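The values are calculated or read from the model by the stated rules, or taken from the named source; none is laboratory data. Here the structure is a predicted model, which means the values were calculated and not measured. Counting neighbours? That spans all protein chains shown, and the Cβs are built from the backbone with ideal geometry, glycine included.
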Amino acid sequence: TRKIIIDTDPGQDDAVAILLALASPELEVLGITCVAGNVPLALTSLNARKVCELAGRPDMRVFAGCDRPMARMLVTAENVHGKSGLDGIELPEPAMALQDQHAVDFLIETLREAPAGTVTLCPLGPLTNIATAFERAPDIKDRVAEIVLMGGAYFEVGNTTPAAEFNIHVDPQAADIVFKSGVPIVVMPLDVTHKALTSRARVEAFRAMGTQVGHAVASWTDFFERFDMAKYGSEGAPLHDPCVIAYLLAPDLFTGRHINVEIETQSELTMGMTVADWWRVTDRAPNALFIGDIDAAGFYALLVERIGRL
Ligand code: BDR
Ligand code: CA
């Protein structure tokens, strides 16, 4: 099994990613660290616990982390995710408590204690927790096996500003630190997630499971569908964050290129843009595997098979 830490701001698509991980015996989730992003920290850390209980995993450790970006004001996305961050279905208040430890301390401690190269980080939101941990404890960078993250865009450019994707735009300074860290990085940009669209049939496949979890996933993906019809030229909406977990389970569903990616942190106009050297027009060293394509049918087959186990 592969040890992972999920760093997240749930978020319906974050929630599906968490469920996919918890349903998969190949992965050992050491903990879930929450960050401010789609909604404020108090809600993301509440939502993560709701999702764990929905999955029948009240034993999972959930940590609250940074409540704002490193250098900028927090920008949230209630317009996409609803007021709760998890609109679409009402889940019960969780009985499980948040861990007392700060998410950043948990990240540092876990990476120092585990054998080097054995823990993979899976950021599904702004990179504030990860970058803060790297700044505070630079020794842990060498100990991370890999970072597989959802964020950025190349051909699909922005979903938050014309130039930037939400997760990177919210905390560009943190993203800059992570992309310069030297840790092996795999990036799931909008170019990929906009090919992983839900459809009526795909949503119904979750509902047809007849389980609580299947019902929740169908309700969440239904909520997403409300507003994206015109945008993607199909009836569906992207299920961004589960692509990260799917990559760990079935990397053959994805193809990409080892390229250089720099983060725009200077210009307001293009703040948070992932300047991805897809055509290798510079001599800047590659620092990330930037994914460009996905087998969407295979991805949904995997999702349905795994979510059906819960
Ligand atoms: C990313 O932003 C959030 O709204 C989603 O959860 C996803 O992580 C997509 O841009
Ligand atoms: Ca997210």
For region 54-93, name all the residues that are touching a strand residue (DSSP E or B) at 6+ places or on another chain (Cβ under 9 Å) and over 19 Å from residue 132 (Cβ atoms). 57, 60
Filter region 184-200 down to the residues that are among the charged types (D, E, K, R) and within 12 Å of ligand 1 (Cβ to nearest atom) and list them by number. 191
Is it the case that region 142-154 has a residue that's β-branched (Val, Ile, Thr), within 14 Å of ligand 1 (Cβ to nearest atom), touching a residue at least 24 places away in the same chain (Cβ under 8 Å) and in contact with a strand residue (DSSP E or B) (Cβ under 7 Å, 6 or more places away or on another chain)? yes
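Checking the condition within 16 Å of ligand 2 (Cβ to nearest atom), farther than 16 Å from residue 31 by Cα and assigned to a loop (DSSP other than H, G, I, E, B), which residue from 115, 69 passes? Step through it out loud before you land on a result.
Details: 115 fails: within 16 Å of ligand 2 (Cβ to nearest atom).
69 is the lone residue from the list that is within 16 Å of ligand 2 (Cβ to nearest atom), farther than 16 Å from residue 31 by Cα and assigned to a loop (DSSP other than H, G, I, E, B).
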Just checking, does region 246-253 include any residue being at pLDDT 95 or above, in a loop (DSSP other than H, G, I, E, B) and more than 20 Å from residue 164 (Cα to Cα)? yes
Would you be able to tell me the number of residues in region 18-40 that are crowded, with 22+ Cβ neighbours inside 10 Å, within 15 Å of ligand 1 (Cβ to nearest atom) and more than 23 Å from residue 117 (Cβ to Cβ)? 9
The conditions are (1) outside any loop (DSSP other than H, G, I, E, B); (2) within 16 Å of ligand 2 (Cβ to nearest atom), and residue 107 fails exactly one of them. Which is it? (2)
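Please find, within region 41-66, the residue that is surrounded by the fewest Cβ atoms within 10 Å (Cβ to Cβ) out of those that are assigned to a loop (DSSP other than H, G, I, E, B) and away from ligand 2 (no atom under 14 Å from the Cβ).
Here is the first cut: in region 41-66, the ones assigned to a loop (DSSP other than H, G, I, E, B) are 55-61, 65-66.
From what's left, away from ligand 2 (no atom under 14 Å from the Cβ): 55-61, 66.
Numbers: 55: 22, 56: 12, 57: 19, 58: 13, 59: 7, 60: 22, 61: 17, 66: 26.
This residue is 59.
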Test of understanding: among 166, 134, 155, 106, which residue is more than 16 Å from the chain's Cα centre (by Cα), of a type in the set (Phe, Trp, Tyr) and closer than 15 Å to residue 8 by Cβ? 106
Of (1) within 16 Å of ligand 1 (Cβ to nearest atom); (2) under 19 Å from the mean Cα position of the chain (by Cα), residue 181 satisfies all except one. Which? (1)
I need the full set of residues from region 285-296 which are of a type outside the set (A, V, I, L, M) and in contact with a strand residue (DSSP E or B) (Cβ under 7 Å, 6 or more places away or on another chain), in order please. 286, 287, 290, 292, 293
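Kindly indicate which of 7, 13 is under 15 Å from residue 149 (Cα atoms), assigned to a strand (DSSP E or B), within 14 Å of ligand 1 (Cβ to nearest atom) and under 16 Å from the mean Cα position of the chain (by Cα). First the steps, then the outcome.
Working: 13 fails: assigned to a strand (DSSP E or B).
The match here is 7.
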For region 247-274, which positions are small (Gly, Ala, Ser) and touching a strand residue (DSSP E or B) at 6+ places or on another chain (Cβ under 8 Å)? 256, 272
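Go over the candidates 58, 92 one by one and state the one that is away from ligand 1 (no atom under 16 Å from the Cβ) and in contact with a Cys (Cβ under 9 Å, 6 or more places away or on another chain).
Numbers: 92 fails: in contact with a Cys (Cβ under 9 Å, 6 or more places away or on another chain).
Selected residue: 58, the only one of 58, 92 that is away from ligand 1 (no atom under 16 Å from the Cβ) and in contact with a Cys (Cβ under 9 Å, 6 or more places away or on another chain).
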Among the residues of region 72-103, which ones are crowded, with 16+ Cβ neighbours inside 10 Å, within 16 Å of ligand 2 (Cβ to nearest atom) and over 17 Å from the mean Cα position of the chain (by Cα)? 74, 82, 84, 87, 88
